[in-house]
Structure formats: structure tokens, C-alpha cells
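Just below is one structure, and these are the notes that go with it.
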Amino acid sequence: MTLSSIPLTAADLQIPAGGRRNSTLLCAPVMGESVDQMLGQIRAAKEQGADLVEVRLDFLKSFSPKQDLEILLKQSALPTLVTYRPKWEGGQYEGDDSQRLDALRLALELGADYVDVELQVAQEFFSSIQGKKPEKAKIIVSSHNYQNTPSSEELGNLVAKIQATGADIVKIATTALDISDCPRIFEVLAHSQVPTIAIAMGERGLISRILAAKFGGYLTFGAIEAGVVSAPGQPSIKDLLDLYNLRQLGPDTKVHGVIGKPIGHSKSPHLYNAAFRSVNFNGIYLPLLVDNVANFINAYSSPDFVGYSYTIPHKEDGLRCCDEVDPIAKAIGAISQMIRRPTDGKMIGYNVDYLGAIAAIEEALRASNGASPATTSPLAGKLFVVIGAGGAGKALAYGAMEKGARVVVANRTYEKAKELASKVGGQAITLAELENFHPEDGMVLANTTSVGMKPNVDLTPLPKNALSRYCLVFDAIYTPKLTRLLREAQEVGAIPVYGTEMFINQAFVQFERFTGYPAPKQLIRDTLVKNS
């Protein structure tokens, strides 16, 4: 089943200034080893903007139920959800289950706002309280699946089973093995008849935690400290509020993102979300860890999933998934942006990579020659060596050819280099041959491979001794900004051109295509500096 079946309305794309656009609560798990530690974490959660805390009793090193619960519930600076998770449901508690349930009953009596009871023991728990619970207290009945995300039908049955226990709130946590599992979680939220918490755990489930606010989730979880999480894939409170603008997401928010693998390093969400916010555009931009592009596009067919940037290694697969492709992208054989046309829902592919990179290289060459912007490109007649024949390599080779450069493609596999070189009227060589390739001095080098990208920052695609033949070296990598390749190029006297420049220039173009607004260029530049 896909997201296309969810009825979503797209209202005006302007966000009202201030205020919240959804009722999804932000809950911070508190996992201190002592009551004092927990109280400190609760204060930190409040300062960071959480609405409530999940008090994880199973993390306490020693626990005296009456004494500790009285202190925690009386002194908590925020409303409390009390959880005492057993080992068999992914928690820490290994003792007697009847004692565990006694503690949860006590938490209700002492004023907890919510208690979480696992589906497996829910019937027993409800029988034991005999319908007696404080009026304001709510019982969450939860189910955690650490293996996978079941089918829509199975999830529907699970929700019905949880509801039948008498739960005030349904909670389902599954594991996303693929990002295309998340739409089934959104369906649970969109079709639920009772307050529901539904999330997919793991890195591939991240978007389910953020978009819970769009699809009406009762709450979502945010870590007080990045990386210190109660379940896999949990973002921090800070990221949910500041990076993803959680409070401003509504049913009509348009979803954008960057499709790649890996994707955790991407700075794009920082740039686009800040830029969207600055012009009051009702959109969100997410990191999308995609294993298979076709599966992703099929799963997210809802009209609210409107546009994507493409990065390594999916630029060519992205092109194959388009309904229509811009002629330039077709010639390059790869896309860097895909937009859903609002009139008919068709996916249109573009390539703006070469615009960003070539503009940055030309600018640096002109500055070094002291030349004013002229009608002729400073690349005209230059020997332009591209390392890599993937999506970015194609874009650079095509862009250099357009500017009148003589193109040489160096690639690990000669066949791929030859295929690209023939399209741009250039020459093909292998990476092994590149080290001794020296037909002339003053050449331009452009690396479009991921060699030297975080975390492998000690690697370089070309040894330092070979760099002195180039007047300028460009590296498409932007994490880190100063790669080993650029540092060594600088040391031998070549002009370094950072991947950030390509990234920034194409971000301006993509922003305007996504939103229809002029790009806030200085804000985008400042945001990149702040997050580099």
C-alpha cells in the first residue's frame, strides 16, 4: 500500500507567524541512573522545549517504588509518562513482572499523567486496577517490534487489538528495514480513531518521528542529548525543534528531502529548512536514506511529497524514475533534482549540479587572472580532467564541454570513462594512468568521487606529486570542506575550489524551483558556514 490513499488537503502555503500548527507533543525520554540525575534531565528537557518526559524507571540503578516515584512525580518540572520497560520488550528491567506492574499502578495513584503498559500484560494490568484510575491519567498500551514493520493489514489488526484492551492511547513502534516502510506508519496515524503514537525505529525510520506532527501523531520522542537515545534512530529535541521546525508542521506541509546513501553527513536539511522558514514557506526538507529509488518513489506517491535533491549514489537511478527529464539532465544522464508537477503529479528531473560547479570554477579562474567577467569562459580551450564517471562526473564533463574545454575522463573502470568521454567529445583514461598523465601544464582537475569524504578524510584520489600540473583543483566533496586533495593542491600552488561552492550555487537554483521564491542567498551562505 502507498501513501497516495491518504486524504491530504493542500491549503495555502504561507505559515502564520508564531504559534503551533499541530498538537503533537514532544516527549523527552529520561534515563538517569538515580532520581537526582533524572530530575536534572527533566529540567534540561524543559529548558530545551519538551512538552513532557518519559520517566524510564528501568534505567534506575536502585529503585524504591514509593519513595522514588513520590519525589519524581512531585518534583518533575514537566508532565510525566512513566515507563518501566522489561527486557522482553526491549527495556532494562529483568525482575519479577508483578512487582513491575505494582510500580506502574503506584505511579498512577501518585499522579503520573501517563503510564505505558505493554500489550502482552495490558489485560492483566486493567483487571488489577478494576477501572479505578485518576481522571486525568491516561494509559498508553504499547507494542514494540524490533524485527521489521508489518504489512498495513497486520498493523491495522494490531491497532484494533490494542484498542480492545481499553487503552486511552495506542502506541506502536516498529523497525524500518527500508524507508518505504514508513508510509504504513503514516497510514496508521492518518486513519486512527483514537489518540495514537506510531513510529518506525532505526535510521531508515527517522522521517516517521518527524512527520508524526504532519500526520497527527499524539507524540514523538526527542533525545535531551544527541546520540543518548532510548530507541534507535531517535533525533534530539534540538534538531526536532530548530532544524525540522516540528511545531510548524501541519497536515498541508509539503515534504522535500535529499535522497542518498549514506545521508547522515548532508548539510542540505540545515540550509533548506532555514531558508523555508525565512520566507514563511510551508515545507520541510528531510534526509532520506534510500536503498532503492524506484521503491521510494512508488511508496511516496502522495501529492504532499513534492520534491527531492539527489546525491551519491542515486543520481542516475533518479533519472530512470522520472516521468519527464529536462534535456540537459538527459544529455548528462543523471539528475540532481526531481519535482512533482502539481497539475498532473508527474515527476520531472533536472540537473543543476554543473551550473553550481562550473560557475565556481570560472569565478576562481577569473579572479586568479585578474580578469573581469567576460563573454568568453576562462575554461575555453583548457584541458579539463574529471575524476569519476558517475552522476556528478557526467555533470562536470558536460558543463566543461559546454564552456569550450577539452575534456578528459579518468575512471576506475575504463569502459565507463570511455562511454562518458565519447558523449562529450573527450578522451578516456584509467585512474591508474592519471598519476602520470601530463600532456600540458595549467590543466583543471575536478574530483567527483567520494574518495576523501568523511569519515575517510585521509584518502585522496590523486597523489600530491601529480597535482603540480594543474592550475586549479575542484573537489565536489563538501564534508570536510578542506579535503586532503584540496589541501595538497594548495601546497603545490594550485587554486583550490571547494565543493561547498558547487553546493551553494545549486542550492540557490533548487530552492527557487522548490518554492517559487527568490533564494535568500546570504542566509543560505551563513547557514552553511554555521553548520560546517
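Assorted remarks:
- Residues of region 169-180 classified as open to solvent by 20 Å² or more (accessible area, probe 1.4 Å) and free of Cβ contacts under 8 Å to residues at least 40 places away in the same chain, total: 1
- Which numbered condition THR343 misses (of (1) open to solvent by 40 Å² or more (accessible area, probe 1.4 Å); (2) touching a residue at least 12 places away in the same chain (Cβ under 8 Å); (3) out of contact with any Phe, Trp or Tyr (no Cβ under 8 Å at 6 or more places or on another chain)): (2)
- Meets criteria (more than 19 Å from ILE224 (Cβ to Cβ), in a helix (DSSP H, G or I), hydrophobic (A, V, I, L, M, F, W, C) and touching a residue at least 12 places away in the same chain (Cβ under 8 Å)) for ALA45: no
- Scanning region 181-211 for residues that are open to solvent by 20 Å² or more (accessible area, probe 1.4 Å) and among the basic types (Lys, Arg) turns up ARG184, ARG204.
- Among all positions in region 100-111, there is no residue which is charged (D, E, K, R) and under 29 Å from LEU240 (Cα atoms).
- Members of region 521-532 that are modelled with pLDDT of 95 or more and either open to solvent by less than 10 Å² (accessible area, probe 1.4 Å) or among the β-branched types (Val, Ile, Thr) (or both): ILE524, THR527
- Residue within region 229-249 that is basic (Lys, Arg) and crowded, with 19+ Cβ neighbours inside 10 Å present: no
- Residue list for region 163-195, restricted to those being farther than 23 Å from ALA122 by Cβ and among the hydroxyl-bearing types (Ser, Thr, Tyr): SER180
- Against the list (1) open to solvent by less than 60 Å² (accessible area, probe 1.4 Å); (2) more than 31 Å from the chain's Cα centre (by Cα), the condition THR376 fails is (1).
- Extreme residue, farthest from ILE237 (Cα to Cα), among residues of region 19-42 that are assigned to a strand (DSSP E or B) and open to solvent by less than 20 Å² (accessible area, probe 1.4 Å): VAL30
- Within the set PRO518, PRO463, PRO455, the sole residue that is open to solvent by less than 80 Å² (accessible area, probe 1.4 Å) and not small (Gly, Ala, Ser) turns out to be PRO463.
- Any hit, region 502-515, residues being part of a loop (DSSP other than H, G, I, E, B) and open to solvent by 20 Å² or more (accessible area, probe 1.4 Å): no
- Scanning region 386-413 for residues that are of a type in the set (Ser, Thr, Tyr) and crowded, with 18+ Cβ neighbours inside 10 Å gives a single hit, TYR398.
- Top-ranked residue in region 196-233 [being within 15 Å of ASP51 (Cα to Cα) and in a loop (DSSP other than H, G, I, E, B); ranked as nearest to the chain's Cα centre (by Cα)]: GLY222
- Meets criteria (in contact (Cβ under 8 Å) with a residue 12 or more places away in the chain, within 28 Å of ILE335 (Cβ to Cβ), open to solvent by 40 Å² or more (accessible area, probe 1.4 Å) and not hydroxyl-bearing (Ser, Thr, Tyr)) for LYS423: yes
- Checking each residue in region 250-284 for being open to solvent by 40 Å² or more (accessible area, probe 1.4 Å) and among the hydroxyl-bearing types (Ser, Thr, Tyr) picks out only SER278.
- Filtered by the rule that a residue be surrounded by fewer than 23 Cβ atoms within 10 Å (Cβ to Cβ), within 15 Å of the chain's Cα centre (by Cα) and closer than 18 Å to SER450 by Cβ, region 294-337 gives a lone residue, ILE312.
- 3 or more residues farther than 23 Å from SER76 by Cα and β-branched (Val, Ile, Thr): qualifying strands (runs of 3 or more DSSP E) within region 104-182: 169-175
- If you filter region 481-497 down to residues that are without any contact (Cβ under 8 Å) to a residue 40 or more places away in the chain and under 27 Å from the mean Cα position of the chain (by Cα), you find that the one that is surrounded by the most Cβ atoms within 10 Å (Cβ to Cβ) is THR483.
- All positions within region 477-486 that are touching a strand residue (DSSP E or B) at 6+ places or on another chain (Cβ under 8 Å), modelled with pLDDT of 95 or more and over 9 Å from VAL497 (Cα atoms): LEU482, THR483, LEU485
- Residues in region 234-248 that are part of a loop (DSSP other than H, G, I, E, B), without any contact (Cβ under 8 Å) to a residue 40 or more places away in the chain and under 18 Å from ALA198 (Cα atoms): PRO235 alone.
- Of the residues contained in region 76-91, none is found to be open to solvent by 60 Å² or more (accessible area, probe 1.4 Å) and of a type in the set (S, T, N, Q).
- One residue stands out in region 109-167 among those that are of a type in the set (S, T, N, Q) and free of Cβ contacts under 8 Å to residues at least 24 places away in the same chain: the one that is most open to solvent (accessible area, probe 1.4 Å), namely GLN130.
- Filtered by the rule that a residue be loosely packed, with under 15 Cβ neighbours inside 10 Å and not hydroxyl-bearing (Ser, Thr, Tyr), region 98-108 gives GLN99, ASP102.
The values are calculated or read from the model by the stated rules, or taken from the named source; none is laboratory data. Predicted model, so just to flag it, every value in this text is computed and none were measured. With ideal geometry, Cβ positions are generated from the backbone for all residues, glycine too; neighbour counts draw on all protein chains shown. Please note that ligands, DNA and RNA were not included when accessible areas were found on the heavy atoms of the full protein model with its side chains. Shrake-Rupley method; radii C 1.70, N 1.55, O 1.52, S 1.80 Å.
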